[in-house]
1. Only one residue in ALA23, ALA59 is open to solvent by less than 50 Å² (accessible area, probe 1.4 Å) and part of a helix (DSSP H, G or I), so which one is that?
2. Restricting attention to region 1-18, and to residues there that are surrounded by 14 or more Cβ atoms within 10 Å (Cβ to Cβ) and among the small types (Gly, Ala, Ser), which single residue is farthest from the chain's Cα centre (by Cα)?
3. Is it fair to say LEU38 is open to solvent by less than 90 Å² (accessible area, probe 1.4 Å), of a type outside the set (Phe, Trp, Tyr), over 21 Å from ARG58 (Cα atoms) and at pLDDT 95 or above?
Amino acid sequence: MLRHEFQPGKLVAGLFLTATAVAYAGDAGGLWDTPWFLVVPLVVGGLCLAGATAVLARAIRGRGGAEEGQR
């Protein structure tokens, strides 16, 4: 049984922030050269996509959430 509800917006944000960290870790390890400005589209784009995902998930689920937990 799940202890909390699944929140796809947080998952998308985490994936994009992890991708940013991997890009910089690869640069620090000498595997490839990552431009310093790569973080801007990855983080901003990821947060925008995460917000859109959260809004879509909320629209699909309806009001649910905290009210369902009180029943």
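1. On inspection, the qualifying residue turns out to be ALA23.
2. So, considering only residues that are surrounded by 14 or more Cβ atoms within 10 Å (Cβ to Cβ) and among the small types (Gly, Ala, Ser), the one farthest from the chain's Cα centre (by Cα) is GLY9.
3. Details: open to solvent by less than 90 Å² (accessible area, probe 1.4 Å): yes; of a type outside the set (Phe, Trp, Tyr): yes; over 21 Å from ARG58 (Cα atoms): yes; at pLDDT 95 or above: no.
In short, no.
The values are calculated or read from the model by the stated rules, or taken from the named source; none is laboratory data. Since we're looking at a predicted model, the values are computed, not measured. Cβ sites come from the backbone with ideal geometry, for glycine too, and all protein chains shown count toward neighbours. Keep in mind that these areas ignore ligands, DNA and RNA; they rest on the heavy atoms of the full protein, side chains included. Shrake-Rupley method; radii C 1.70, N 1.55, O 1.52, S 1.80 Å.
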